[in-house]
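Worksheet: one structure, shown below.
The values are calculated or read from the model by the stated rules, or taken from the named source; none is laboratory data. The model shown is predicted, which means the values in this text are computed figures rather than measured ones. Backbone-built Cβ (ideal geometry, glycine too); neighbour counts: all protein chains shown. Keep in mind that these areas ignore ligands, DNA and RNA; they rest on the heavy atoms of the full protein, side chains included. Shrake-Rupley method; radii C 1.70, N 1.55, O 1.52, S 1.80 Å.
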Amino acid sequence: MEDTKKIEVKEKTAWEKLQIARLAERPTTLDYIKNIFDSFIELHGDRQFRDDPAIVGGIGKINGIAVTIIGQERGRNVNERIKRNFGMPHPEGYRKALRLMKQAEKFKRPVICFIDTQGAYPGVGAEERGQGEAIARNLMEMSLLKTPIISIVIGEGESGGALAMAVADEVWMMENAIYSVLSPEGFASILWKDSKRAQEATEVIKATAKDLKQFEIIDKIIEEPEGGAHLDSQLAAQNIKNELLIALPKLCSEDKTILLQNRYDKFRKIGKFIE
């Protein structure tokens, strides 16, 4: 007799989701661009210092809608990761992103951001060239950008380096992504003076998509193939594309004054307090 009992699928822990988010095989920004958009032309440079390979950006089309696409790119193999600085942008990367956002505003294109970084690069050169100012300016300018913005956390979204591309009308997360104020290792080092307690910290900081949806920090969770997006990157991309095709026409049709007011209200009331 066939067993008709349902097999209970155990919910992954936050630590397990973090390990999936950090997998080298996990789809990156460039993978999603290739599988979601009908075309893409990459643009380079911040017009001030240099091009930052840790952030890719340009113009694309999805179902006939012209969009600006910007994302943090960490690379797949060792050589790519070195070239992309492991997805940790310099200030010129954020200035490139802002340049493309302002261009999108001028030509009335919605902006789609892919977030996948352990944080902005903390090196001496980056600080000398104004890392903090570049991130702060992005926060300010994105809050006032007169065009729709959708930001999607596809892997790790940590620290101000992630937030600098996440002041959006809609913030989404992949099912196994992580979005937090800093890495679990950094949290454990600061709070407990022991980075080895990172696994414990991962559970404490409530950084999973499920947690953040409950706290109303994010707006949508994008389902991944069973086991993670790395097992079927095309299906993961199709899930994002389906949601974009629903959200983009709605956001693009909104009056810009209402769009900005809704964005302002969203971040004014974001989150929940537990006493």
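Express in whole angstrom the spacing between the alpha-carbon centres of the stretch 154-223 and the stretch 225-243. Answer, in whole Å: 20.
Too long at a 18 Å Cα-Cα cut-off: which of K102/K241; K213/K241; K12/K241; K106/K256; K12/K210; K213/K269? In this structure, K102/K241; K213/K241; K12/K241 exceed 18 Å between Cα atoms.
Straight-line cross-link partners of K196 among the aspartates and glutamates, defined as a Cα under 18 Å from its Cα and at least 8 positions apart when in the same chain: E16, E185. Taking the chain as a Gaussian network of alpha-carbon nodes connected by springs under 10 Å, the highest mean-square fluctuation of the residues I135, I150, I41 belongs to I41. Between D52, D194, D31, the GNM of the chain built on Cα springs shorter than 10 angstrom shows D194 fluctuating the most. With a cut-off of 19 Å, note down the residues of the stretch 115-151 whose backbone N falls inside the zone around a label point 7 Å from the Cα of K213 toward its beta carbon. From the stretch 115-151, the list is 115, 150-151.
Ligands, DNA and RNA left out, the 1.4 Å accessible surface of the chain is 53% carbon and sulfur atoms.
Tell me, Kirkwood radius of the stretch 52-124 from alpha-carbon pair distances, in Å?
12.7
So if we plug the beta-carbon distance of R50 and L235 into 1/(1 + (r/R0)^6) with R0 = 41 Å, what FRET efficiency do we get, rounded to 0.05? Don't skip to the end; give the middle numbers.
Numbers: r = 37 Å, r/R0 = 0.89.
The pair R50/L235 has a calculated efficiency of 0.65.
Ranking I135, A247, I218 by Cα position along the charge dipole of the stretch 126-262, where only Lys, Arg, Asp and Glu carry charges on their C-beta atoms, puts I135 farthest toward the positive end.
Sorting 247-254, 230-237, 115-122 by their mean Cβ neighbour count within 10 Å, with the most densely packed peptide first, gives 115-122, 230-237, 247-254.
Take the Cα radius of gyration of the stretch 85-243 and divide it by 2.2 N^0.38 Å, N being the number of residues; the result is 1.07. Note that the stretch 54-183 presents 34 Å² accessible area per residue, ligands and nucleic acids not counted, probe 1.4 Å.
Which one is right for this structure if Rg/Rh (Cα atoms, Kirkwood Rh) is calculated from it: [x] 0.97; [y] 1.05; [z] 1.18? Of the labelled values, this structure produces [x]. About its Cα centre, the dipole of the chain is roughly 800 debye, where the only charges are +1 on Lys and Arg Cβ and -1 on Asp and Glu Cβ.
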